[in-house]
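Asker: The structure that follows is given in the form of structure tokens.
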Amino acid sequence: MTTLPAWLQALHARSPGETPGDHCARIVRAVAGCSLDHLPDKLADIYLLQEPDRDTAVEVSRLATNCGTSMRAVYALAGCTHTLITRPYRIGTAVAWVLGAATELGALLPASSWRKCGPGWGLWYGTPAAKGKSPRNDDHMEWCLAVPDEHGVALHGGGGRARNAITIGGPGTILWSTGKPLRGVIDPERMMAG
């Protein structure tokens, strides 16, 4: 494992009394704004726990990464040790790996559970496959960064957008923020169990 820079060591350590969700949310807020165009060294830093060395972390930060790539990095920084979270990145697999780890850890809950969400919960969006059809490859992941109001509106954040930026948006609806239905939510407490 590569030694983390001091700013990430501080994020990696959970504060006394901090819940797993609050920890994930703190990490997301701290890395918001990191992109290839702004703070590219910090963007590369967030992959250090998963990659074998600094050069590989820099390479991953320059790839056409996706929302699952940054979600895996945040879970790793928050202490999830599941192999699908900690293994080196491979293009096109990150969202599936997050969903696989969440399923195995019992952390993937149905979309109807959105009222349980709070800071640091994962949000999985995508268009369900029509009966007899292949699923569309349009999955997307974001973070819930606040308790949703009664309409499902909350501050949210995500990664993998233009130039690999880690961004925070909202308040916007967590139910339909990408124009795709919410397919499930990820409980951070259960994610940190593995």
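Asker: About the Cα centre of the range 6-191, what is the dipole size in debye to 20, counting +1 per Lys and Arg Cβ and -1 per Asp and Glu Cβ, all else neutral? The partial results should precede the final answer.
Answerer: Working: 19 positive and 17 negative charges, 99 e Å.
In total the dipole reaches around 480 debye.
Asker: Please give the Cα centre distance for the range 5-65 versus the range 138-191, rounded to the nearest Å.
Answerer: 18
Asker: For the range 13-58, count the residues as N, evaluate 2.2 N^0.38 Å, and divide the Cα radius of gyration by that value, please. Write out the running numbers ahead of the final one.
Answerer: Numbers: Rg = 12.4 Å, N = 46, 2.2 N^0.38 = 9.4 Å.
That ratio works out to 1.32.
Asker: If you don't mind, another one. Based on DSSP H runs of at least 4 residues, each adding -39500 (n - 2.57), what is the mean residue ellipticity at 222 nm of the chain after dividing by all its residues, to the nearest 500 deg cm²/dmol? Don't skip to the end; give the middle numbers.
Answerer: On the way: 8 runs with 65 residues, N = 194.
The helix-only estimate for the chain comes to -9000 deg cm²/dmol at 222 nm.
Asker: How about the range 119-194: which trypsin sites (Lys or Arg not before Pro) there are in a DSSP loop, with at most 13 other Cβ atoms within 10 Å of their Cβ? Mind showing how you got there, number by number?
Answerer: Numbers: sites: Lys131, Lys133, Arg136, Arg161, Arg163, Arg183, Arg190; in loops: Lys131, Lys133, Arg136, Arg161.
Answer in residue order: Lys131, Lys133, Arg136.
Asker: Which of Pro88, Leu105, Ala165 sits farthest toward the positive end of the charge dipole of the chain, with +1 on the Cβ of Lys and Arg and -1 on the Cβ of Asp and Glu?
Answerer: My answer, from the dipole projection, is Leu105.
Asker: Evaluate 2.2 N^0.38 Å with N set to the residue count of the range 98-191, then give the Cα radius of gyration divided by it. Mind showing how you got there, number by number?
Answerer: Values: Rg = 13.0 Å, N = 94, 2.2 N^0.38 = 12.4 Å.
The value comes to 1.05.
Asker: Follow-up. By per-residue mean of other Cβ atoms within 10 Å, what is the highest-first order of 31-42, 142-153?
Answerer: Numbers: 31-42: 16.8, 142-153: 18.6.
Descending mean neighbour count gives 142-153, 31-42.
Asker: Can you compute the equivalent ellipsoid semi-axes for the chain, i.e. the square root of 5 times each eigenvalue of the Cα gyration tensor, sorted largest first and rounded to whole Å?
Answerer: On the way: eigenvalues 118, 70, 52 Å².
Working from the Cα gyration tensor, I get semi-axes of 24, 19, 16 Å.
Asker: Compare Leu108, Leu43, Leu63 in a GNM of the chain, Cα atoms joined below 10 Å, and give the one with the largest fluctuation.
Answerer: Evaluated over the chain, the most mobile residue of the options is Leu63.
No value in this document is a laboratory result; all are computed from the given coordinates. All of these numbers come straight from a predicted model, not from anything done at the bench. Quick reminder, even Gly has a Cβ in these numbers, built from the backbone with ideal geometry, and neighbours come from all protein chains shown.
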